[in-house]
Structures are given as structure tokens and as C-alpha cells.
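A short worksheet on the structure shown next.
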Amino acid sequence: RRIALPVPAQPVEVNQLAESFNALLETVNAHIAQERQFTSNAAHELRTPIAAVLTQVQLLQRRAADHPEIIPQSLAYISEESIRMKNLVDSLLTLSRADRAVLKLVPVNLQDVVAAALTRERPLLHQTLMVTGTQSASVVLGAAESLEQVLTALLDNAAKYSPATSTITVDLATTATTHIIAVKDEGMGISAADKPHVFERFYRADSARTPEITGTGLGLAIVEQLVRLNHGTITVVDNVPRGSQFVVTLPRVDGKSEKISE
Ligand code: ADP
């Protein structure tokens with residue numbers, strides 16, 4: 001009589017399946033935890049300005065009739081906090097749209113994107129703005145508007161986190177397969193401990209949490225998402241001798257080996 005032996009491959013396969021399943025479960029759980037954290041952070045961030053507005057309204061209701069002199073300051077405070085709320089809600093909407101978006105990608109010349117962003121930003125920023133690097137057409141497959149949005153956000157941050165008298169540089173470079181836009185500033189820089197977190201939703205370095213610098217901590221999360229939609233990557237490194245440097249890398253379509261597709 002022949003005895004059927006267990007097929008040796010089978011337990012291995014089952015184990016592998018179980019392992020893959022567990023890995024998948026872990027990813028799903030991590031995702032759910034992240035979503036919960038995000039909702040909780042968003043609620044918390046909105047609660048602060050809402051509470052501040054409510055306090056001022058109640059103050060006005062109780063005291064404005066007898067003390068009209070408090071009215072202007074109270075209204076200014078309400079206006080400031082309302083703007084904070086509006087910015088936060090606008091950013092949340094932009095992020096949610098970017099999370100779901102699929103962009104139509106067409107050949108875009110980065111030189112045009114840089115020129116458009118600089119034309120818009122130049123009148124708004126105190127710093128000196130410079131463009132260096134590649135001068136010839138740098139074509140990527142992208143969505144011009146979203147790339148402009150990326151550049152504008154990086155320039156706004158560079159301006160926000162560096163002194164008015166410094167220089168902000170947009171540097172364009174090209175490798176065999178990519179075009180690279182780097183936005184460099186001479187500001188406060190980002191510590192090694194903060195660097196891995198700055199693209200996380202709601203993350204703000206302690207050094208950025210001063211009364212003079214306002215922000216939501218969502219700007220770079222939106223930027224990262226938009227870069228991803230353009231099939232690119234973004235990293236942050238130190239600028240030399242000081243400040244930060246955000247580096248956006250996009251696949252080029254004007255290389256010798258690749259065709260430009262519509
Ligand atoms: P925020 O609204 O706080 O500016 P972001 O998502 O745009 O939010 O940036 C996240 C954090 O990264 C900021 O709070 C700040 O700590 C840091 N950061 C971003 N850009 C710069 C920069 N150019 N220089 C220094 N720190 C920066």
C-alpha cells in the first residue's frame with residue numbers, strides 16, 4: 001500500500017499566503033489608523049479658531065453695549081481667526097481633491113512653469129528671486145497648473161521661513177532621464193529630526209510655531225500629492241551654506257530615447 005505524503009510545497013504556500021495576507025492587513029490597519037489620526041487632527045485644528053471666535057462673540061454680547069471701545073479689537077480678532085479657519089478648510093478641500101484626482105498629463109515645458117510662477121510671486125515676496133541652471137526647454141509629461149501650484153507653494157514657504165533680505169533661487173537641472181527643479185532659500189532651515197516629517201499632514205516644526213509665522217501644516221502634504229500626480233518625487237535637503245532646499249524630480253520626455261506622447 002502506498003501512503004500519500006503531504007506535498008512539501010503546500011505548507012510553504014499556505015504560509016506564504018498567510019504572510020501576504022497579514023502584510024495586507026497591516027497596511028489596511030495602518031491606513032485606517034492614519035485616516036483616524038487625520039480626522040482627529042483636522043477637528044482639533046478647527047476647534048481652536050472656532051473657540052476663539054465664540055469667546056469674542058460672547059464678550060461682545062456681554063460688554064459691547066457698555067464698552068464700545070472693545071469692539072474694534074474684538075472684531076479684528078474674529079476676522080483673523082476666521083481667516084485661519086478659511087485657510088484651513090481651503091487646504092483640506094485642496095488636499096481631498098488632490099487625493100482623488102487623476103490629472104491629464106501633456107508635454108509641459110518647465111521653463112514656462114517657472115516663468116509663470118515667478119511672474120505671480122515676484123510682486124508678493126520681499127526676497128530677491130533668482131533663476132539658475134538649464135536655460136533650454138525642459139519638457140516633462142505633466143499638468144502645468146498643478147506644477148505651477150507646487151512651485152508657488154514652495155516659493156511661499158521659502159519666503160515665509162527666510163529673512164526678507166535674503167535670496168531665493170529656483171534652479172533647473174537635467175539628467176539623462178529627469179528634469180529637476182530645486183527651490184533654495186537662506187532661511188532657518190529644517191533640522192534632521194524634522195526633515196522626515198515635513199510632508200506629513202499637519203506637521204509643523206517647533207521652530208515654525210511662532211506667532212509671526214502662520215500656517216496649517218498642510219501645504220507640503222498638498223505639494224507632495226501634486227508632485228505624485230505628475231509622476232514625480234520631492235525631497236528636502238539642506239541648502240549650503242544655510243537654509244533649505246526642496247528638490248522636485250520629474251521624468252523627462254525630451255530625452256533621446258523617449259518619445260513625446262500626447
Ligand atoms: P506650514 O503651513 O506650517 O508652512 P507646510 O506643510 O507648508 O506647513 O510645511 C510644514 C513644515 O515644514 C513647516 O511648518 C515648517 O516647519 C517646515 N518648512 C516648510 N518649508 C520650509 C522652509 N522653506 N524652510 C524651513 N522650514 C520649512
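Each reported figure results from applying straightforward, stated rules to the coordinates on display, with no laboratory input. Computed from a predicted model, the values in this text were never measured in an experiment. As a convention, Cβ positions derive from the backbone with ideal geometry for all residues, glycine included, and neighbour counts pool all protein chains shown.
Can you tell me the relative contact order of the stretch 1-158? Whole percent, Cα pairs under 8 Å, sequence separation 6 or more.
19 percent.
With only Lys, Arg, Asp and Glu charged, each at its Cβ (+1 for the first two, -1 for the last two), find how big the charge dipole of the stretch 130-262 is about the Cα centre; round to the nearest 20 debye.
Using Cβ point charges on Lys, Arg, Asp and Glu, the stretch 130-262 gives about 180 debye.
In what sequence, highest mean first, do 21-34, 167-180, 143-156, 112-125 appear when ranked by Cβ atoms within 10 angstrom?
By packing density, highest mean first, the sequence is 143-156, 167-180, 112-125, 21-34.
Compute, for the chain, the length of the dipole vector about the Cα centre, with Cβ point charges of +1 (Lys, Arg) and -1 (Asp, Glu) only. Units Debye, rounded to 20.
In debye, rounded to 20, the chain gives about 540.
If one takes the longest principal axis of the Cα atoms in the chain, at what angle in degrees, from 0 to 90 and to the nearest 10, does the Cα axis of helix 9-63 lie?
10 degrees
Could you work out the relative contact order of the stretch 9-93, using alpha carbon pairs under 8 angstrom and six or more residues apart, expressed as a whole percent?
30 percent
Counting other C-beta atoms within 10 Å, which of 161, 203 has the fewest, and how do the rest follow?
With the sparsest Cβ surroundings first, the list reads 203, 161.
To the nearest 500 deg cm²/dmol, what mean residue ellipticity at 222 nm is calculated for the chain from DSSP H runs of n ≥ 4 alone, each contributing -39,500 (n - 2.57), summed and divided by the residues?
Calculated mean residue ellipticity at 222 nm is -17000 deg cm²/dmol.
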